[in-house]
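Novice: What follows is a single structure, and I will ask about it in a moment.
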Amino acid sequence: GWFDSKKIMEGQLLSKSWFDSAWIPALNQHNVMEYFSQRSNPFYDRTCNNEVIRMQRADPEQLVNMTGTEYLLLHVQDPILYVIRKVHRQSPEKVTPLADYYILNGIVYQCPDIQSVVNSRLLSALHLVNSAFSEALSYSKYDPSKGYYWQFPEDKTEEDSPAVPKRPRPRAEEPSESQRRRVDVLLNDLMKKFQPKAFSGKDGGKPQIGQLCWYRHQLDAISVL
């Protein structure tokens, strides 16, 4: 009950900060505890022994002889950083740390405990993992003909992409008269080098029609060049 509510309240303070602009220019190691004990500071417990000594205007050295909640100045780095620890004193020699606070440039923050740091890191990691799985799931597709498959943005087919007007292909230029003559000369040379075989019978010793068509085809192919 009381312990759980206290832990929840301390956890909520991790996201808060406090400062008093009137104190910041004159802040030093001699008055930093008085600055921390301001009533408007949400990190300060007014039921602590420091408040009792302050109200009684007693010597602060008597704190070691008291039991209960107490604030100690743990570290000083004038004029930038001060660390204050909240402890539960059981005897002059035995104290139990409860929380740490640091004052950076006059602004008071609560130091997170290990549990809070681990929880924060785990939540951040889980959020990133969940985002990665959600994005991966958006690329998973199903088709009755080919089952499950992956489709990433760069793998989209032309059907899925907006239609782009196709450019007409340039037509081949007609060969000139000089090109035709040159091809005729080359064809004659081929005819002389590779004489078609004559066949007896129905062809009467003439070259086959298929061979003549082949030469004509070569002529047309060269004329296009």
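The values are calculated or read from the model by the stated rules, or taken from the named source; none is laboratory data. This structure is a prediction, so every number in the text was calculated from the model and none was measured. Don't worry about glycine lacking a Cβ; one is built from the backbone with ideal geometry, like all the others, and counts go over all protein chains shown. Heads up: the accessible areas ignore ligands, DNA and RNA and are worked out on the full protein's heavy atoms, side chains in. Shrake-Rupley method; radii C 1.70, N 1.55, O 1.52, S 1.80 Å.
Novice: Would you mind computing, in nm to one decimal, how far apart the modelled labels at Leu104 and Ser40 are, each placed 7 Å from Cα along Cα→Cβ?
Specialist: Once both label points are built, they end up 2.2 nm from each other.
Novice: Which order, highest average first, do 114-121, 145-152, 72-79 follow once you tally other Cβ atoms within 10 Å for each residue and take the mean per peptide?
Specialist: So the order, starting with the most tightly packed, is 72-79, 114-121, 145-152.
Novice: Can you compute the FRET efficiency between Val64 and Trp23 using 1/(1 + (r/R0)^6), with r the Cβ-Cβ distance and R0 = 41 Å? Round to the nearest 0.05.
Specialist: Plugging the Cβ-Cβ distance into 1/(1 + (r/R0)^6) gives 0.95.
Novice: Give, as ranges by residue number, the residues of the range 98-133 whose backbone N falls under 18 Å from the point 7 Å along Cα→Cβ of Leu81.
Specialist: Under 18 Å, as judged by backbone N against the label point of Leu81, lie 100-114 of the range 98-133.
Novice: Please list, by residue number, everything in the range 79-97 whose backbone N is under 15 Å from a paramagnetic label point 7 Å out along Cα→Cβ of Thr47.
Specialist: Under cut-off, by backbone N: 87-89.
Novice: Give me the dipole magnitude in Debye, nearest 20, for the range 67-116 about the Cα centre, with unit charges on the beta carbon: positive for Lys and Arg, negative for Asp and Glu.
Specialist: Values: 4 positive and 5 negative charges, 25 e Å.
Its charge dipole is roughly 120 debye.
Novice: Any chance you could run the full-extension gain for Gln90 through Ser138? It's 0.36 nm times the residue separation minus the Cα-Cα distance, nm to one decimal.
Specialist: 11.4 nm
Novice: Then there is this: Send over a whole-number figure in Å² for the accessible area per residue of the range 13-67, probe 1.4 Å.
Specialist: 66 Å²
Novice: For Thr47, what accessible area in Å² do you get when you roll a 1.4 Å probe over the heavy atoms of the protein chains, rounding to the nearest 10?
Specialist: Thr47 exposes around 110 Å² with every protein chain in place.
Novice: If you stretched the chain out fully between Leu13 and Asn31, how much longer would it get, using 0.36 nm times the residue separation minus the C-alpha to C-alpha distance?
Specialist: 4.1 nm
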